[in-house]
Amino acid sequence: MKRIAIIFFAAAMIAGSALAQGFNDYNDQQNYGYGGGFQDDGSSQALITPVKKALRMRDDTIVILRGNLVRRIGDEKYLFHDATGEIIVEIDDDKWGGVTASPKDTLELSGEIDRDINKVKVDVYLVRKVSGAAPQQGFQEN
């Protein structure tokens with residue numbers, strides 16, 4: 001029994017040290033001398049969902065919105081605007097990821113449609129600033 005415990009402990013130590021090394025990013029210029037990585041040629045614009053279309057989509061459909069937060073309308077709820085219309089988005093405090101936004105900032109919001117009987121909103125799980133001032137955390141109304 002003692003022998004099995006020692007073998008198990010040794011195996012756990014070996015596996016633990018291998019996992020502790022973490023993920024090696026081979027695009028890391030500092031460690032491997034390689035440059036590169038993905039560069040967007042603008043074709044990803046096709047992935048952006050206009051608000052007008054999002055308002056008609058089914059529940060739980062994944063969307064990427066690009067536009068501006070107009071104002072806060074409740075706890076973690078905001079009015080979002082793009083060139084095609086407005087929709088309510090819900091951004092939990094832990095989803096901001098250090099981004100601060102004002103109505104002047106262009107954001108990309110990734111999330112999913114949450115459709116009730118007479119309301120449509122987007123539950124946001126990723127906020128990315130496309131343009132604007134230096135990042136901080138949260139939304140600041142002007």
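Once you place label points 7 Å from the Cα toward the Cβ at Ser102 and Arg115, how far apart are they in nm?
Reported label-point gap for Ser102 and Arg115 is 3.7 nm.
Ordering Val70, Val99 from largest to smallest accessible area (1.4 angstrom probe), what's the sequence?
Val70, Val99
In nm, to one decimal, how far is the modelled label at Leu47 from the one at Asp59, with both set 7 Å along Cα→Cβ?
Each label point lies 7 Å from its Cα, and together they span 2.7 nm.
What net charge is computed for the residues neighbouring Asp92, neighbours being all others with C-beta under 11 Å from the C-beta of Asp92, Lys and Arg scored +1, Asp and Glu -1?
Net charge around Asp92: -4.
Give Lys104/Lys129; Lys52/Lys95; Lys53/Lys77; Lys53/Lys104; Lys95/Lys119 a once-over and call out the pairs whose C-alpha atoms are over 18 Å from each other.
Distance filter (> 18 Å) returns Lys52/Lys95; Lys53/Lys77; Lys53/Lys104; Lys95/Lys119.
For the stretch 99-112, what does the Karplus curve 6.51 cos²θ - 1.76 cosθ + 1.60, with θ = phi - 60°, yield as ³J(HN,Hα) per residue in whole Hz, taken in order and with x for Gly and Pro?
Here the 3J(HN,Hα) series is 7, 10, 9, 10, x, 7, 7, 8, 10, 10, 10, 9, x, 9 Hz.
Report relative contact order for the stretch 44-114 in percent, whole number only (criteria: Cα-Cα under 8 Å, sequence separation at least 6).
Value for the stretch 44-114: 38 percent.
The values are calculated or read from the model by the stated rules, or taken from the named source; none is laboratory data. Being a predicted model, the structure only gives us computed values, none of them experimental. No Cβ is skipped: glycine too gets one built from the backbone with ideal geometry, and neighbour counts run over all protein chains shown. These accessible areas exclude ligands, DNA and RNA; they are computed on the full protein's heavy atoms, side chains included. Shrake-Rupley method; radii C 1.70, N 1.55, O 1.52, S 1.80 Å.
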